[in-house]
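Note sheet for the following structure.
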Amino acid sequence: MISQGAVVNGKRFKSTAKAIALAVGFSASAGTFALAADMPVKAPPPAAAPAPFFFVNDTSVSFTYFFNATDPGVRGSAGTIQGGIPGTQSTISRLSGSVDHFDVWEYGSNIFHIEMNQYGKNDPTNGIAGAAGSTEVVGFGHSTISWNALTHSKMFTNPVFTDLGWSFGGFAAGENDQLAPDDRQIDLGLAINFNLPGVVILNVWAQKEWNHNSFLSCNGQGGAMFACAGAQFSGDREWGWVPKLDLFVSEPLKFITAIPVTFISITDVTFPKGTGVSTANIAATVGPGAPILPFNGNFAQNLANAETKTEIFQDAQLRFDTGKVTMGKPGIWDTYVGYRYWYNKFGTDHSAPLFSALGAQGSSIEKTVYLGTTYHFK
C-alpha cells in the first residue's frame, strides 16, 4: 500500500507537493511521485540468497511548470503596483523542482519529498512590488503499514479491497512572500486499497495543522500587516483535528500502444477547520489602509475572511514513459501533462470579501495546466 497527500489552509502548501509526489512514488508524479506498479522490479533472488529489505527503492528528481497558479489574497498587478489593484485577480507562474524517495518494504511503504517553488513576479518577495517572485520550500514524508503484512495473512482481502493499513505522515513548508507563512501538519488515519483495476487508494485521515503568517497579526507582532485595536497578536493559527479524504487513482491506458501512458488522478477533500485564532484576535484587526486586506474594522468581514470552508483539490495527469520509447529503458524518464482545479484554496472562502469583489477576486480558486518531467536514478 502507498500513501499520498494533499493541501492546506492559510497559504500553507501551495504546491500540493503531495499530489505531485504521489505520482512519482508510484510512477513519478505531477511533479514528484512514481507509481510502484509501473516501476521495474527485478525478479526475486534465488532461494539461497537473502530477500532484499526494500522490494522497491526509487529516488527521482522532477521539474514542473504551472502556467496559471493563484495565491489567495494576492491582487492583480501586485508585481508592479504595491498591494495590487482592488477587485482584480492575479495569475502566477510557478516553477517547481523536487527530489523524491519512494520505497516498499515487508510491512508497508514510505515516501519522502523535498521541493522548492519559484513564483513569478506577480507574487513578489515580501509583497514588495517590483521584487523578484517569492520562493517556497516544502518537505514531507508519508508512510503506510499493511494489516495483511502485519498479520502475515490475507485477512484484509475481500472482493471490495485488497488490503487495509495505517496511513500517517507530516510536512513543513515556508515562503518569503508578504504573508511569510510557516506551516506544519500531521495526518493520521486509514488507507484502503480497493480491489479495482490499476491502483485505487483512499486515505481517510484526521488532520492537525499549525500555521504562522501575518494574515491576522497586528501591532508589530509576527510581521504584522495591521494596526489593531487593543492587544498584540502574532498571526499564529492552530486548528483542531478535522477529517480529510484523499483518493489516488492510477490506471495504465493499455489501449494506447505507441507509448506507455498512465492516467493519474488525485482528489482531496478537506473539511472546514474554523478560524484557528481567538474571537478577540479577529475583533482586533482593523487594518485601515492595509495593502491587500480590506478589513476596515468590520467584524463580520474579518470573520468571513478568516473562516475556513470545505476545500476541494483535483489533479489529473497523463504520464508518459518517455525513457522506454526514446532509450529502450522503461521507468527511467517520464514526462507528463496535467490539469489542476483547486476550490477554496487552502480552505479560504472564495465568497469572502478578501477573495471576491473587495479584494483579490477569484484568487481562492485555481485552474491551471502544467507540464513536467521526472528522472529516476537507477
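The values are calculated or read from the model by the stated rules, or taken from the named source; none is laboratory data. Predicted model only: the values in this text are computed from it and were never measured. Neighbour counts are summed over all protein chains in view; Cβ atoms, including those assigned to glycine, are modelled from backbone coordinates with ideal geometry. Surface accessibility is based on the protein's heavy atoms, side chains included, excluding ligands, DNA and RNA. Shrake-Rupley method; radii C 1.70, N 1.55, O 1.52, S 1.80 Å.
Below is a table of values for the structure above.
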| read-out | value |
| --- | --- |
| Within the accessible area of the stretch 57-204 (1.4 Å probe), percent carbon and sulfur | 68 percent |
| Cβ-based net charge around ASN148, under 9 Å, with every Lys or Arg adding one and every Asp or Glu removing one | 0 |
| Solvent exposure ordering (accessible area, 1.4 Å, most first) of VAL249, VAL99 | VAL99, VAL249 |
| Solvent accessible area, Å² - THR322, 1.4 Å probe, full protein context | 20 Å² |
| For the stretch 298-350: accessible area per residue (Å², 1.4 Å) | 39 Å² |
| Rounded to the nearest 10 Å², the accessible area of MET116 at probe 1.4 Å | 110 Å² |
| Cross-link pairs beyond the 18 Å C-alpha cut-off, checked among LYS244/LYS345; LYS154/LYS244; LYS345/LYS367; LYS121/LYS345; LYS309/LYS345 | LYS154/LYS244; LYS121/LYS345 |
| The stretch 121-272 shape via C-alpha gyration tensor axes, a/c threshold 1.5 | oblate |
| Qualifying GluC sites (Glu not before Pro) for the stretch 91-164 [loop in DSSP, other Cβ within 10 Å: at most 13] | GLU106 |
| Rg [Å, one decimal], Dmax [Å, integer] - the stretch 95-141, C-alpha atoms | 15.8, 53 |
| Reachable aspartates and glutamates, given that their alpha-carbon falls under 17 Å from the alpha-carbon of LYS329 and they are not under 8 places away in the same chain | ASP38, ASP58, ASP321 |
| Cα-based shape type of the stretch 122-203, given that a ≥ b ≥ c are square roots of the gyration tensor eigenvalues and the cut on a/c is 1.5 | prolate |
